[in-house]
Amino acid sequence: MGQTLTYKILNRHLVDGKIAAGKDIAIRIDQTLTQDATGTTALLLFESMGVARVKTQLSVSYVDHNMSQFGPENHNDHLYLQTIAAKSGVYHSRPGNGICHQIHLERFGRPGVTLLGSDSHTPTAGALAAVAIGAGGLDVAAAMAGEAFYLRCPKVLGVRVTGRLSEWVGAKDVILKLLSILTTKGNVGWVVEYFGRGVLTLSVPQRATITNMGAELGVTTSIFPSDEETREFLAAQKRQNHYLPLAADSDAQYDRTIEIKLSEVVPMAACPSSPDNVKPVAEIAGILTRQVIVGSCTNSSFSDLMMAARLLKGRHINSMVEFAVAPGSRNVLNMLARNGALADLISAGARILESCCGPCIGQGFSPADGVVSLRTFNRNFSGRSGTKNDKVYLVSPETAVASALTGRITNPCQLPNLLGIEYPEIKLPAQFIADDSMIAAPLSEAEAAEAEVVRGATIVVPKAPTPLPEQLSGRVLIKCGDKVTTDHIIPAGRYLKLRSNVPEYAKVVFDCFNQKDKPTFAQRALKLKQKGIAGVIIAGQSYGQGSSREHAALCPMHLGVRVVIAKSIERIHKANLINFCIVPIEFVEPTDYDKIKPDDVLQIDNLFQAVESADQIRIIDKTGSFEILGSLVLSNRDRDILLSAGLLNYTRNKANEREND
């Protein structure tokens, strides 16, 4: 029986375990990726491990999130990241060079490698046949220190791609179609692998849009084969020596197979406020819009922005629409400037934003109250834009520009009839600009030994967790519903600059649920912590979906949270909880969720022993005088990490053991 592409790459990197779905495995990591919003903490934790230089083939630190620089915090982070990267053997992509996923695709990604990134959209590199996985910053720090990455061997969902996309239909519509089928829930422990003749019709940037937004499915990663399209893209980036043909065997067996017929895909939109609330654009056409943005790591490639420029050439956006463009990389922006497309965008009324994440993470360009905002982004969680109760729709560049021209959500297929616009075919250039002058190479080991690291006053080394108690007495601080995201747990936007200062950032945990004139979640949690009472979080399905931000575990840990009990917990967030010594428990009976109330006092008599060896744990609700059973779905390594008081302590202990052998 032939192998899937996923299993071929995993086998080549296997350090421990057996490649079989559901089994615990460890893989060697070739490359790592961090960005400033998570990377500052990741590199602080890397320093705490006592390793002088990274052990990977390649590690890159990007600055692409905190670019606004209101106050000293952001620039403090930038200087720290630049100097610690140089000292630690890490490449550093400076502010303004572009979005990490776009840059990594252009300049560093390659077929057959493993990439671990402290950003949930790291799977973008799967467009180049890499096994690229998003993880918490502490896991990435461990990989930088030479540790293997541990995970459950995933099942592989094969997506057979046939046919060819019709005019006016983009790659964004393909992944939205898949989200309408699979939704954002129930896909933990899977990889999506694309195959079939239709794949040959998709360019690498189109594949990157699909793998990028595959993160919204909740899968481990997504991957395409490496073929002639891959070779041409790498050659155009002057990296043809990185090309390697890779594909699944012709008789590969998938755990499940579905088919996407490209010719049947139509323009789609993810409606407020979830990426899987998908409808055909034709069904929602006519809704007034007052804001449109093209950009983000999902749709900011050269081909995406050239599509926008061609459609807007000689025209002007609707007078009631604010329209912005955020290029994915400085090289893309430079190419648009040289070929005249940038002038076409500006002449049409576009506001040109910096080459960074920006509005996608609530860093500016928030919409007005009650208006519809169309964005080519990957997430439209409520409030993520920076406006409460926002109405954000996720669409393709084609749909975005069509709507910007008309002032209403518009099916781009109607543009020939509405405005006499013919479909422009966009071809990738034979050569991209490949200017790496804003990527700083690390110092040599000799130079690094003498180098100083710049540490601003706002950069605070995170404290390690305290050991688990034998017996836990806790109080329910909050009871959440289904699909609570890491944006709900710890907001980005205007608070993003606090990420390198956990005591300050922890003050806004669950800020969206705080009520005016009442104690905040953080205040209540700290009051309990001072009394020696643990905080407990109760949640529904898919708790912790979305961003990989480890602060959604690190900050609650700082506030004294020791247990999360949920119907289900998403993969990255569950790993982050374990890494920071918060015990993830799932309800054995989902209906038990309804029994527990906020402020209930919970008791677990044998917490330490259960974490050590049990698959179920008895939880006593002292307030309601009843008991429930929780499930501990933990690997042996997960248990060891929890019993060691977190991954940092666990890694230090392992290093000491190796030194003493």
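Toward the positive end of the charge dipole of the chain, with +1 on the Cβ of Lys and Arg and -1 on the Cβ of Asp and Glu, the farthest Cα among A440, Q237, V564 is that of V564. Fewest-first ordering of S319, S329, S385 by other beta carbons within 10 Å of each residue's beta carbon gives S319, S385, S329. Most simply put, the chain has about 30% antiparallel DSSP beta bridges, counting only bridges with both residues inside it. For the range 384-479, trypsin sites (Lys or Arg not before Pro) meeting the loop criterion (DSSP other than H, G, I, E, B) and having at most 11 other Cβ atoms within 10 Å: K388, K427. Taking 7 Å steps out from each Cα toward its Cβ at A434 and T257 produces label points 3.7 nm apart. Amide H contacts of V372: R290, each under 5 Å away and 5 or more positions distant or on a separate chain (H built 1.01 Å from N in the peptide plane; Pro and chain starts excluded).
With the cut-off at 1.5 for a/c, could you classify the range 512-616 from its C-alpha gyration tensor as rounded, prolate or oblate?
Working: a/c = 1.32, a/b = 1.22, b/c = 1.09.
Rounded shape, in that the Cα axes give a/c under 1.5.
Using θ = phi - 60° in the Karplus curve 6.51 cos²θ - 1.76 cosθ + 1.60, the 3J(HN,Hα) couplings for the range 344-358 round to 5, 5, 5, 5, 7, x, 6, 8, 8, 8, 5, 6, 7, 5, x Hz; x is entered for Gly and Pro.
Computed 3J(HN,Hα) for the range 561-578, one whole-Hz value per residue from the Karplus formula 6.51 cos²θ - 1.76 cosθ + 1.60 where θ = phi - 60°, is 6, 10, 9, 10, 10, 9, 5, 7, 10, 6, 4, 5, 5, 4, 4, 5, 4, 5, glycine and proline marked x.
May I ask you to sort Y150, Y62, Y194 by Cβ crowding, counting other Cβ atoms within 10 Å and putting the fewest first?
Numbers: Y150 20, Y62 30, Y194 27.
Listed from fewest to most nearby Cβ atoms, that is Y150, Y194, Y62.
The slack in the chain from T201 to Q530, taken as 0.36 nm per residue of separation less the alpha-carbon distance, amounts to 112.4 nm.
Placing R0 at 35 angstrom, the Cβ-Cβ distance between F626 and I284 gives a FRET efficiency of 0.15 after rounding to 0.05. Placing R0 at 22 angstrom, the Cβ-Cβ distance between R652 and A449 gives a FRET efficiency of 0.45 after rounding to 0.05. Take the Cα of N417, step 7 Å toward its Cβ, do the same at D599, and the gap between the two points is 6.0 nm.
Amide hydrogen proximity for R408: with H placed 1.01 Å from N in the peptide plane, the residues at 5 or more positions away or on another chain lying under 5 Å are T289.
Shown is the FRET efficiency for A52 and A441, computed with R0 = 25 Å from the Cβ-Cβ distance and rounded to the nearest 0.05: 0.90. Per-residue 3J(HN,Hα) values for the range 176-183, derived from phi via the Karplus relation 6.51 cos²θ - 1.76 cosθ + 1.60 with θ = phi - 60°, read 5, 4, 5, 5, 5, 8, 8, 6 Hz in sequence order (x marks Gly and Pro). In this simple spin-label model, placing a label point 7 Å from the Cα along the Cα-to-Cβ direction at both M320 and A337 gives a separation of 3.6 nm. Ranked by the mean number of other Cβ atoms within 10 Å of their residues, highest first, the peptides 341-351, 535-545, 255-265 come out as 535-545, 341-351, 255-265.
All of the numbers you see were taken from the coordinates with simple rules; none came from a lab. Remember, it's a predicted structure, so these values are computed and weren't measured experimentally. Glycine gets a Cβ as well: all are built from the backbone with ideal geometry, and neighbour counts include every protein chain shown.
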